[in-house]
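Submitted below is the structure of interest, expressed as structure tokens.
No lab work stands behind these numbers, since they all come straight from the coordinates. Bear in mind the structure is a predicted one, so any value in this text is a computation, not a measurement. Cβ coordinates were reconstructed from backbone atoms using ideal geometry, including for glycine residues, and neighbour counts include every protein chain displayed.
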Amino acid sequence: SSTEQSGFTVVVLGPPGVGKTSLISQFMTSEYVAYEAGSIDRDEERTISVLLDGEESTLNFIDPSRDEVDLDETIVDAYLVVFSTNDREAFEVSIETLFQLRNELGTDKTVILVANKIDLARKREIGIEEARAAAHQYDCKYAETSAALNHHVDELLVGILKQIRLHMENR
Ligand code: GDP
């Protein structure tokens with residue numbers, strides 16, 4: 001079959017230790033991944049091909065804290081803003097990032113607030129209502145994941161691609 005292949009760039013933001021690297025490496029092994037397109041130059045740059053609704057899309061994940069990339073907003077299709085649910089400071093950093101993206105950069109692109117480490121339930125400091133309200137305030141989607149246990153990571157991957165496609169249709 002002839003597949004019209006589209007490629008998207010997803011920037012993963014968040015302070016050190018919240019699980020960005022773990023999430024990206026779990027994306028690589030998702031059942032939705034048709035193939036790993038392989039890293040370009042650097043190990044940290046991760047590109048995969050995702051098959052969803054009969055259509056294949058390439059997703060390139062960039063972690064600006066590791067990858068030396070020139071973050072030109074025009075090449076970005078979606079932002080993941082990651083915090084860990086056991087770390088209030090990380091949550092506050094993520095709220096600041098949402099503010100920067102929406103109010104300072106003024107982007108209308110897909111932004112997903114990701115609450116990671118939900119497996120650490122007894123150490124949880126940020127409840128679902130509070131986090132969801134913050135996401136809503138900044139017109140973002142909200143996802144809860146455990147990269148360690150690979151919980152809801154596939155759903156997040158699919159959600160990213162769905163949101164990017166929706167955004168493109170609505171333009
Ligand atoms: P990064 O600095 O944001 O890239 O974070 P890493 O992916 O390197 O993860 C930091 C630490 O948190 C590592 O020890 C991971 O194993 C751990 N970690 C990442 N995700 C989870 C998770 O969902 N649950 C738990 N319990 N630990 C996690």
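Using 18 Å as the Cα-Cα cut-off, could you pick out the over-long pairs in LYS20/LYS109; LYS109/LYS162; LYS141/LYS162?
Violating the 18 Å Cα-Cα cut-off are LYS20/LYS109.
Nearest-5 percent of antiparallel DSSP beta bridges in the chain?
35
Give me the angle, in degrees from 0 to 90, between the Cα long axis of helix 128-137 and the longest principal axis of the Cα atoms of the chain, rounded to the nearest 10.
Once rounded, one gets 60 degrees.
Using only the Cα atoms, what convex hull volume per residue in Å³ does the chain have?
Details: hull volume 19.9 nm³, N = 171.
Taking only Cα atoms, the chain has a hull volume of 116 Å³ per residue.
Separate question: Angle, helix 153-169 long axis vs. longest principal axis of the chain, Cα atoms, 0 to 90°, nearest 10?
70
Take peptides 142-148, 123-129, 109-115 and line them up by average Cβ neighbours within 10 Å, highest first, as a rough protection proxy.
Descending packing order for the listed peptides: 109-115, 142-148, 123-129.
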